[in-house]
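For reference, the structure is listed below as C-alpha cells.
The values are calculated or read from the model by the stated rules, or taken from the named source; none is laboratory data. These numbers were taken from a predicted model, which means no experiment stands behind them. Don't worry about glycine lacking a Cβ; one is built from the backbone with ideal geometry, like all the others, and counts go over all protein chains shown.
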Amino acid sequence: MTLNLITIDIRFENDVVLARQKARTIAAALKFDPQDQTRIATAVSEIARNTFQYGGGGHAEFRVEPAPENMLMITLRDQGHGIPDVDKIMGGRYVSQTGMGLGLLGAKRLMDHFQLQTSAAGTTVVLGKRIPARFTRFNTGELNKALAALEHASQDPYEELKQQNTELLRALQELRERQEELAQLNRELDETNRGVVALYAELNDKADFLQRASELKSHFLSNMSHEFRTPLNSITALSGILLDRLDGDLTPEQEKQVKFIRGSAQGLTELVNDLLDLAKVEAGKVTIRPTTFQVEGLFAALRGMLRPLLIQNSSVNLVFEDPAGLPEFYTDEAKISQILRNFISNALKFTERGEVRVSVKRGPKDTAIFSVSDTGIGIAPDDQERIFQEWTQVEGKLQKTVKGTGLGLPLSRKFAQLLGGEVYVRSQPGTGSTFFAAVPTFFSGATDIVYVPELSREIDSNKLPVLVVEDNREALFVYDKYLKGTQFQVIPASSLREARAALRDFRPAGVILDVLLQGEHSWELLRELKHDPATASIPILVVTVVENREKALSLGADGFQAKPVERAWLLDQLNNLVAPHPARQILIIDDDEISRYLVKTLLGHTDFRFVEAFGAEEGLLKARNARPDAVILDLNMPDFTGFEVLKRLKDDPHTSGIPVIIYTSKVLDPSERELLADAAVILSKESQSRESSLLQFADAFQQAGVPFSVRPSKEAHV
C-alpha cells in the first residue's frame, strides 16, 4: 500500500533549498547510504529549481510505493508553459549557454526511475529510487520519528545550507540582512548542484561508453554468473563448516588443506565479483579536525550566524562577553561552534524577553568553560538529565510554539565528549537556565574516532528484554550485535541507579551483569535480586574482567564468564535459562542437495524443523500436505522454475497464505523481480560470512512474519 509522506509547495527560491533538505531527511529515514542521500537530494534540488525558475512554481510530493520494487517516489509538478526541445534535451543534443537542460539529464542519471511529461499546461517530473534491502518497513514509532524530523525541517529550511557551507559561514564576520545572506547561500548551493550534476553526467557518459565497448564480455559474464557462483558459494560454505568444527575436529594437515581450498574459492569469488562490478560498503566515521583559533573570532562568527533568530525575537538581547585573556585554542572549532549554536538557539526559543548571555572563562587543567545563560522559563530538576536524551522534549507553555526534534542537546554532549570534555546545565523554573560546555583548550586525542551509537531503551513487544548492566558503550554495542536476529533484545543500563530504575519499569527475561562499573561494583545488586522473591527467578549471567566465579555463583548467579564473552556461549546460556519459542516448520524447495544442506546447517541453532523437497512438483505436494510456516524456494529446478512454483503456491487457496522466501544465486533483472512480487523477500546465495548469512535470514523471516529465535542445540531438526 502506498505511503504518502509529505507534500510541499515550491513558490519561493527558499523552497528549493527546503525541498533538498526534506529529500535528504526522508532518504536517511529510509536507510539510504550517504552517497545515495546526496544523489536523491541533488536530483530533487535540480528539478525543484526548474519548477521555480522556469515553471513559475508548483509542488513536490514524497511517497513510498512498496510494489513492484519498493521505491521512494518524488513527483514535482508546475503549471508553466512546458519545455521546448525536450527530445533534444533528454537526448543530450541541446546546447545552452545558461546550462539549461543539464538538470533534467543529470537528475535522470542520478535516479533509478525518471518520467517526464510536458505540455503547454505544465510539466510533471516523477523521480524514483529503489529503497535498500536493509530497510524493512516503518513501525509506528519509526514513522512518527520520521514525520517529526520532517516537521522540524519544515520550520528551519536553511539548516541544509548551514551544514553544507560551514567553511563560508566561518569566514563571514558579520552577516548582512537575512534576505541578502540567503540569496548568496542559494547561489552557492545552485553552483554546487550544477557542478555535481555535470560531474555525474560526465562519469555516466564515460561508463556508458565503456559498457558499449565491452558488451560481449558483459553478456557472457551475466549468463555465466549463476554457474560461477553456485559451486563457489558451496565450496566456501562447506569449507567454513569444516573449519568451524561443526562435525568434528581436523588434524593440522587437514586444516591446512581446507584453508587452501577456502582461500582459492574466496580468491576466485573476488575475481568474479570484480568482473561483475559489485559494490563495496564503506564504514562511516566521525572525524575530529583540530585547528588553531582565537575565541574572539569564534564569537564574531556566532553573532553573524544567529542574527536571523534575533530578528524573529526582538524582545531578547544576545550578549557576547569579551573573552580577553584566554590562550589560543587548538581543537575542532566547528564542533565547539555547533555546541554553542545549539545552546544559544534553545535559549532564544525558550526566552520570551530579557537576554541571552554567552561567556567563556578559564577552567582547571587547561580547560575552558563556555556558558550560555538566559532569562527564560527554566527547567525542572527532574528534567535536567532527560533533556540530554535523544528525542526528549520537556512539556511546557512554550513547547507548542517552537519546533524541535530533541537531538540538539544529545548531539552537543557527544561532540563535547569527543573533544575530551562534557556539558551540563544549572536551572531553576521561572528564573532561567545556564548551559555549560567544558572542553580542553588543546586537543591531543586521535583524529579519527569511530562513533558507537547509543542503544535504544524502547522495549520491542515481540522480543524478550535482557537487561545488560554495563558502563562500556563498546561492550554494549557488541552485546546488541550478538543478540541481533534472535528472540532477545538488549536493554542497556550503565549504572546501578539506571539498573534499579529499569527493574521498576519492567521485568527482564534475563540480566547480564558486569561487576566493575564506574565508581561502584554490582555484587550488592546481584545479592538483592536473588534474595527478593519477586526477582529471584530472573536468570543472571555475570560477565566481567574479575576472575571470581566462586563468589558470583555463591551469591546466586546462574552463569559466569570472564571477558571477552563469545556469542555462542551467550546464546547457549540465554536459551537454556529462558523458555524458547515453539518449533516451526520450514519447507526447503531446491534441487541442489548441497544448497539444502547449507541452509539447514546455517539455521541449525534455530527453533525450526525442516522439510525438504528435491524439485518443484514434490515441493508443491509437501507444501499442500505439511502446511509449513514458511517456504525457502530456489528458482532453478529440473522440472519447472521457481517462478511457476511461486505462482502455483499463491493461486492455491490451501497454500496462498504461506510466506515464500526466494533464495537464489541468479542475478535478477527488473522484469523477473516483477514476477516475484508475491514473494515475502528475495535473498541472494552470494557467498558471505556465516554471521552475515544468519542475519540476512533473520531479517527475511522477520519480514515474512515468522518468529526467529536461536536455541542451544548443535543440530537442526531434520
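Restricting segment 541-598 to residues that are under 30 Å from Leu649 (Cα atoms) and charged (D, E, K, R), which is surrounded by the fewest Cβ atoms within 10 Å (Cβ to Cβ)? Per the criteria, the residue is Glu593. Pairs linking a residue in segment 664-686 that is under 17 Å from Lys129 (Cα atoms) to a residue that is of a type outside the set (A, V, I, L, M), with Cβ atoms under 6 Å and 6 or more positions apart or on different chains, are Glu674/Pro68.
I'd like to know if segment 518-529 contains one or more residues that are in the same structural domain as Asp572 (by TED's automatic domain parsing), surrounded by 17 or more Cβ atoms within 10 Å (Cβ to Cβ) and assigned to a strand (DSSP E or B). Looking through segment 518-529, none of the residues is in the same structural domain as Asp572 (by TED's automatic domain parsing), surrounded by 17 or more Cβ atoms within 10 Å (Cβ to Cβ) and assigned to a strand (DSSP E or B). Condition (residue is in the same structural domain as Leu695 (by TED's automatic domain parsing) and touching a residue at least 40 places away in the same chain (Cβ under 8 Å)) applied to segment 557-569: is it met by at least one residue? No, because not a single residue in segment 557-569 is in the same structural domain as Leu695 (by TED's automatic domain parsing) and touching a residue at least 40 places away in the same chain (Cβ under 8 Å). Of the residues in segment 599-643, how many are part of a loop (DSSP other than H, G, I, E, B) and acidic (Asp, Glu)? Summing the residues that are part of a loop (DSSP other than H, G, I, E, B) and acidic (Asp, Glu) in segment 599-643 gives 4. When Ala502, Ala536 are checked against the criterion of being small (Gly, Ala, Ser), in contact with a helix residue (DSSP H, G or I) (Cβ under 6 Å, 6 or more places away or on another chain) and without any contact (Cβ under 8 Å) to a residue 60 or more places away in the chain, Ala536 stands alone in meeting it. Residues in segment 532-543 include at least one that is under 20 Å from Glu470 (Cα atoms) and more than 34 Å from the chain's Cα centre (by Cα). For beta carbons closer than 6 Å, sequence separation of 6+ or different chains, a first residue in segment 47-70 that is not assigned by TED's automatic domain parsing to the domain that holds Arg109 and among the acidic types (Asp, Glu) and a second that is surrounded by 18 or more Cβ atoms within 10 Å (Cβ to Cβ) and assigned to a loop (DSSP other than H, G, I, E, B), there are no qualifying pairs. Checked against (1) outside any helix (DSSP H, G or I); (2) surrounded by fewer than 20 Cβ atoms within 10 Å (Cβ to Cβ); (3) hydrophobic (A, V, I, L, M, F, W, C), Ala475 passes all but a single condition, namely (1). Counting only residues that are touching a Leu at 6+ places or on another chain (Cβ under 9 Å) and modelled with pLDDT of 85 or more, which one in segment 604-615 is surrounded by the most Cβ atoms within 10 Å (Cβ to Cβ)? Applying the filter and picking the extreme gives Ala613. Could you give every pair whose Cβ atoms fall below 8 Å, whose first residue belongs to segment 230-243 and is at pLDDT 70 or above and part of a helix (DSSP H, G or I), and whose second residue is among the acidic types (Asp, Glu) and surrounded by fewer than 20 Cβ atoms within 10 Å (Cβ to Cβ), counting only separations of at least 6 or pairs across chains? So the pair list comes out as Ile241/Asp247; Leu243/Glu255. Residues in segment 649-674 that are surrounded by 18 or more Cβ atoms within 10 Å (Cβ to Cβ), over 26 Å from the mean Cα position of the chain (by Cα) and either at pLDDT 90 or above or of a type in the set (Val, Ile, Thr) (or both): 6 in all.
Determine, yes or no, whether Gly363 is modelled with pLDDT of 85 or more, outside the structural domain of Ser239 (by TED's automatic domain parsing) and farther than 26 Å from Val439 by Cα.
Details: modelled with pLDDT of 85 or more: yes; outside the structural domain of Ser239 (by TED's automatic domain parsing): yes; farther than 26 Å from Val439 by Cα: no.
No, not satisfied.
Among residues of segment 583-598 being assigned to a strand (DSSP E or B) and at pLDDT below 90, the one that is farthest from Phe614 (Cα to Cα) is Arg584.
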